[in-house]
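Peer 1: Take this structure first; my questions come after.
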Amino acid sequence: MGQRLGVSEDYLATGARAPLLSDRNPVLVDAEVALRLDDHELAGTMYEQALESARDNFTRADALEGLGHVAYRRGEPKEAIRLLERSLELSRVGPAERPGTTEILARSHAALGNADAAIDLLRQCLERYRTENDPVNQVRFAVLLGYALTDAGRFDEAEDVLAEGLAAGRGIRDPITRARLFWSQARLRGEQGETELAAQYARSALEVLRTTEHSHFIALTHEMLAILYNDLGRSEEALELLREASPMLATATPVQVAHFRIEEARALSALGDKEQAAAMAMEAVGSLGDTQSQDAGRAYSLLGEIFADLSDTDRANELLEHAIVVLEAQPANRYLIAAYKRKAALLREDGKVDEAIALLERGLGR
């Protein structure tokens, strides 16, 4: 009867969800181990096997969740969303009931520029942990929601959410929780143009993380600090940070690696190595795949600036126009403003003053 209804025997007997996957399906356990060891090919194969042999919807949901994680780590956010949403549907629970799934689902939406979808998912989780008075997870999802709101340009909301996270995190000694709070403040202050203050928060996060073995988080914090140093014109220091963190990227997704390459290209361009910077930025664009997010817009804008510096005006105009198209699909952000200004400067140099003024007016209207 359980097989025909798509549920487990335990669910029929008690109404409770099936036991933990470690008690139910050893293939899923092995697949999770492979995923944690970043053997994506093996993990994907094993999750597929578990899906094909599943006899209830709970096992199917776990297998699909695993495949969604694999897709995300491979840099395939659209496929990750499809798999994770199907997993939630089969498990018959809301997003807040499976926070691990929901975090990756929100990150996948954010990678595709679907800010509202990511914000809605993260808010559901935050509300649950606020109600349950779970401070560690409350901080976790306050920080994630703060990131999403910051990227969406909703700074006042981000301030409120992060203030709640700070209040919930008082007294928590866990270094990762503390680092997340510093990290979120650095992201918010950086987007608000308070670059020096943002760099202070980023350095605080890095100082805390150096006491841990979380090399992946350390690498991402190096990248954030490098972004801020590039913004401050401290390109040599930015490049040093990125190269120091490069060996820690073993567990990074293709999109995260692309982020590093964009910042490295920015530093190299500022230091005068335009050809290498262009090659690195092109590599980053290729790694972003079909992601039409702020990151893709940044990469195209950077390429436009590099080719303008190399006096290839036609290529620069083409790339900057593409950057504007991508960035205009996102909430208003500083990268779009920079692309408008650079494109307008090229139009003026080409004697197209009216077009330059029209473009700047378009920017003011956003």
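Peer 1: In this structure, is Glu103 under 14 Å from the mean Cα position of the chain (by Cα), of a type in the set (D, E, K, R) and in a helix (DSSP H, G or I)?
Peer 2: yes
Peer 1: Residue check: is Arg180 open to solvent by less than 60 Å² (accessible area, probe 1.4 Å), at pLDDT below 95, within 18 Å of the chain's Cα centre (by Cα) and of a type in the set (Lys, Arg)? It would help to see each step written out before you state the result.
Peer 2: Values: open to solvent by less than 60 Å² (accessible area, probe 1.4 Å): no; at pLDDT below 95: yes; within 18 Å of the chain's Cα centre (by Cα): yes; of a type in the set (Lys, Arg): yes.
No: the conditions fail for Arg180.
Peer 1: May I ask you to verify whether Leu88 is over 19 Å from the mean Cα position of the chain (by Cα), surrounded by 19 or more Cβ atoms within 10 Å (Cβ to Cβ), part of a helix (DSSP H, G or I) and at pLDDT 90 or above?
Peer 2: yes
Peer 1: For segment 189-217, name all the residues that are under 24 Å from Asp134 (Cα atoms) and in contact with a Ser or Thr (Cβ under 8 Å, 6 or more places away or on another chain).
Peer 2: Start the filter on segment 189-217 by keeping residues that are under 24 Å from Asp134 (Cα atoms), which leaves 205, 208-209, 212, 214, 217.
Passing the criteria: Ala205, Leu209.
Peer 1: Still on this model: Of the residues Thr211, Thr195, Thr253, Thr177, which is over 17 Å from Arg140 (Cα atoms), touching a residue at least 12 places away in the same chain (Cβ under 8 Å) and in contact with a Pro (Cβ under 9 Å, 6 or more places away or on another chain)?
Peer 2: Thr211
Peer 1: I need the full set of residues from segment 70-85 which are surrounded by 17 or more Cβ atoms within 10 Å (Cβ to Cβ) and either out of contact with any helix residue (DSSP H, G or I) (no Cβ under 8 Å at 6 or more places or on another chain) or assigned to a helix (DSSP H, G or I) (or both), in order please.
Peer 2: Those that are surrounded by 17 or more Cβ atoms within 10 Å (Cβ to Cβ) and either out of contact with any helix residue (DSSP H, G or I) (no Cβ under 8 Å at 6 or more places or on another chain) or assigned to a helix (DSSP H, G or I) (or both): Val70, Ala71, Tyr72, Arg73, Glu76, Pro77, Ala80, Ile81, Leu83, Leu84.
Peer 1: While we're looking at this one, here's another question. List, please: which pairs have Cβ atoms under 6 Å, are six or more places apart or on different chains, and start with a residue in segment 108-130 that is under 24 Å from Gly75 (Cα atoms) and end with one that is at pLDDT below 90 and hydroxyl-bearing (Ser, Thr, Tyr)?
Peer 2: Ala111/Thr291; Ala111/Ser293; Gly113/Ser293
Peer 1: All but one of (1) open to solvent by 30 Å² or more (accessible area, probe 1.4 Å); (2) in contact (Cβ under 8 Å) with a residue 24 or more places away in the chain; (3) of a type in the set (A, V, I, L, M, F, W, C); (4) over 23 Å from Ala250 (Cα atoms) hold for Leu51; which doesn't?
Peer 2: The one condition Leu51 does not meet is (2).
Peer 1: Here's another thing I want to ask about it. Return only the number of the condition from (1) of a type outside the set (A, V, I, L, M); (2) part of a helix (DSSP H, G or I); (3) over 17 Å from His222 (Cα atoms); (4) free of Cβ contacts under 8 Å to residues at least 24 places away in the same chain that Tyr201 does not satisfy.
Peer 2: (3)
The values are calculated or read from the model by the stated rules, or taken from the named source; none is laboratory data. Just so it is clear, the model here is predicted, and its values are computed rather than measured. With ideal geometry, Cβ positions are generated from the backbone for all residues, glycine too; neighbour counts draw on all protein chains shown. Ligands, DNA and RNA are stripped out before the accessible areas are found, and what is left, the full protein with its side chains, is counted by its heavy atoms. Shrake-Rupley method; radii C 1.70, N 1.55, O 1.52, S 1.80 Å.
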